[in-house]
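Asker: Please find one structure pasted underneath; my questions will follow.
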Amino acid sequence: MATITINGETKELAKSLTVAELLVKNDVSQPDMVSVQLNGEFVYKENYKTTEVKDGDEVDFLYFMGGGSF
Amino acid sequence: MEFTEEQILRYSRHILLQDVGVEGQERISSGKVLVIGAGGLGAPVALYLAAAGVGTIGIIDGDVVDLSNLQRQIIHFTPDVDSPKVLSAKEKINLLNPDVKVITYQTLFTSENALEIIKDYDFIVDGTDNFPVKFLINDACVMAGKAFSHGGILRFDGQTFTHTPGNACYRCLFNAPPPPNAVPTCSQAGVLGAIAGMLGTIQAAETLKYLTGVGDLLTNRLLSFNAKTMNFRTVNIHRSEKCPVCGAHPTVTELVDYEQATCEIKRH
Ligand SMILES: [Zn+2]
């Protein structure tokens, strides 16, 4: 079991996951749409598959938001 | 700067604020702010800055007012449909506050004119609707050492942060624009009109804070909110060593015009 925080909300995971797996689990099908922070540090895209999210970690998905004029 | 009696009355609610006072109002009144986009965000930003008495407001937008804009772009009125947005905005600003000098640019903000236009301003507000221009504003401001407010809205969500030289920039967060169609555009997504006002007024407040030096700006913090839950959340962000424009080894050393299909639904 791992208890993590995603965008401020507590989530229970059956086991530790990589950032790439976590993105899939959270229905982020296009990783280009988000920027990921793990405990306040950016995770670079090339490290998504090797970076593990462990018990107690805080993850933030920062989404692209486009509008203004529209 | 000497205020007339009329101006002292007009700005009395600022002057009464201990943190602002006459001195703060003088800074606002001599401030020069560029609003990029006279749309959903630019409209409330420009109106509040005009009301506040910002000395010079530059507005850049190449579009004309469309009927579908009026649901949220509150600086434009029904008789303004088909008029250039910059002229419609200038007219309202002049009516609201004749103290303000308005400079209009009825054109697109591009890599060709970006640095030339921003050089005259103290603060820049991103009120645009597309990623290529958001990245261009970021890059131009970072290169020119200018402070700016970033803003984005989608459906029921809004997000904003303020950049000042040395602090996190847009590319620290997002390396490069998303591939076209990766992010839903307005024509697919829509937006609750009042969200534009919620975010735009935050951007206007940041602008006034920057000009007066009052309070803590949204630097190194990304503020997001969702209007369905009315939850506001601030995530700490920071300058990235690997940032392509402000990092240790920048790869973006000149301005780029990225390609992306435009977001606006046109009636033709
Ligand atoms: Zn940066």
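The values are calculated or read from the model by the stated rules, or taken from the named source; none is laboratory data. The model shown is predicted, which means the values in this text are computed figures rather than measured ones. Note: ideal-geometry Cβ built from the backbone for every residue, glycine included; neighbour counts use all protein chains shown. Heavy atoms of the whole protein, side chains included, go into the accessibility calculation; ligands, DNA and RNA do not. Shrake-Rupley method; radii C 1.70, N 1.55, O 1.52, S 1.80 Å.
Asker: Sticking with the crude label model, points 7 Å out along Cα→Cβ, report the distance from B:F156 to A:K45 in nm, one decimal please.
Answerer: With each label point 7 Å from Cα toward Cβ, the separation is 3.0 nm.
Asker: On to the next question. Once segment B:18-236 is represented by equal point scatterers at the alpha-carbon sites, with solvent omitted, what log10 I(q)/I(0) does the Debye formula produce at q = 0.10, 0.13 Å⁻¹?
Answerer: Taking Cα atoms of segment B:18-236 as identical point scatterers yields -0.40, -0.70.
Asker: Still on this model: Between segment B:100-137 and segment B:57-87, how far is it from one alpha carbon centroid to the other, in angstrom?
Answerer: Cα centroid of segment B:100-137 versus Cα centroid of segment B:57-87: 17 Å apart.
Asker: Let me ask another. So what is the relative contact order of segment B:18-236, in percent, for Cα pairs below 8 Å that sit 6 or more residues apart?
Answerer: Normalised by residue count, the contact order of segment B:18-236 is 22 percent.
Asker: Over the whole of B:150-160, what's the average partner chain Cβ count within 10 Å per residue? Rounded to a whole number, please.
Answerer: The shielding value for this peptide is 3.
Asker: Of B:Y48, B:Y258, which has the most accessible area with a 1.4 Å probe, and how do the rest follow in descending order? Could the numbers behind the result be given before it?
Answerer: Numbers: B:Y48 135, B:Y258 75 Å².
I get B:Y48, B:Y258, largest accessible area first.
Asker: State which entries of B:K32/B:K119; A:K54/B:K242; A:K11/A:K49 exceed 22 angstrom in Cα-Cα distance in the structure shown.
Answerer: In this structure, A:K54/B:K242 lie more than 22 Å apart at Cα.
Asker: Between segment A:13-52 and segment B:26-49, how far is it from one alpha carbon centroid to the other, in angstrom?
Answerer: Distance between centres, Cα-based: 38 Å.
Asker: Please give the charge dipole size of segment B:1-141, origin at the Cα centre, charges +1 on K and R Cβ atoms and -1 on D and E Cβ atoms. Round to the nearest 20 debye.
Answerer: In debye, rounded to 20, segment B:1-141 gives about 200.
Asker: Roughly what % of DSSP beta bridges within segment B:18-236 run antiparallel, to the nearest 5?
Answerer: Of those bridges, close to 50 percent are antiparallel.
Asker: Mind running the shape call on segment A:2-63? Use the C-alpha gyration tensor, a ≥ b ≥ c as the square roots of the eigenvalues: rounded below 1.5 for a/c, prolate if a/b tops b/c, oblate otherwise.
Answerer: Rounded is the answer for segment A:2-63, as its axis ratio a/c remains below 1.5.
Asker: So, counting K/R as plus one and D/E as minus one, what does the shell of residues with Cβ under 14 Å around B:A50 add up to?
Answerer: Taking every other residue near B:A50 into account, the sum is +3.
Asker: Let me know the mean shielding of A:58-64 by other chains, meaning the per-residue number of their Cβ atoms within 10 Å of its Cβ.
Answerer: That works out to 5 on average.
Asker: Separate question: Please list B:K85, A:K25 in order of solvent-accessible area, largest first, computed with a 1.4 Å probe with all protein chains present. All intermediate terms of the calculation are to be shown ahead of the outcome.
Answerer: Numbers: B:K85 0, A:K25 130 Å².
From most exposed to least exposed: A:K25, B:K85.
Asker: To continue, here is another question. At q = 0.09, 0.13 Å⁻¹, what base-10 log of I(q)/I(0) does the Debye formula yield for the protein assembly as shown when every alpha carbon is treated as an equal point scatterer in vacuo?
Answerer: Once normalised to I(0) and log-transformed, intensities are -0.48, -0.97.
Asker: Quick check: net charge around B:A89, other residues with Cβ under 12 Å of its Cβ, Lys/Arg +1 and Asp/Glu -1? If you can, show how the numbers build up before the last one.
Answerer: Numbers: positive: B:K85, B:K90, B:K92; negative: B:D61, B:D63, B:D80, B:E91.
Summing Lys/Arg as +1 and Asp/Glu as -1 gives -1.
Asker: State, in angstrom, two size descriptors of segment B:152-262 derived from its alpha carbons: Rg to one decimal place and Dmax to the nearest whole number.
Answerer: Cα-based Rg and Dmax for segment B:152-262 come out at 15.5, 41 Å.
Asker: In percent, how large is the relative contact order of segment B:20-87, given Cα pairs closer than 8 Å and 6 or more residues apart?
Answerer: Relative contact order comes out at 34 percent.
Asker: Here is a follow-up. Under a point-charge model restricted to the Cβ atoms of Lys and Arg (+1) and Asp and Glu (-1), what is the dipole moment magnitude of segment B:105-236 relative to its Cα centre, in debye to the nearest 20?
Answerer: 420
Asker: Using a simple charge model, +1 on the beta-carbon of Lys and Arg, -1 on the beta-carbon of Asp and Glu, nothing else, what dipole does the protein assembly as shown show about its Cα centre, in debye to the nearest 20?
Answerer: That gives the protein assembly as shown a dipole magnitude of about 400 debye.
Asker: Next question, about the same structure. Please give the contour-minus-distance gain from A:K54 to A:K25: 0.36 nm per residue of separation, less the Cα-Cα distance, rounded to one decimal in nm.
Answerer: That works out to 8.9 nm of additional length.
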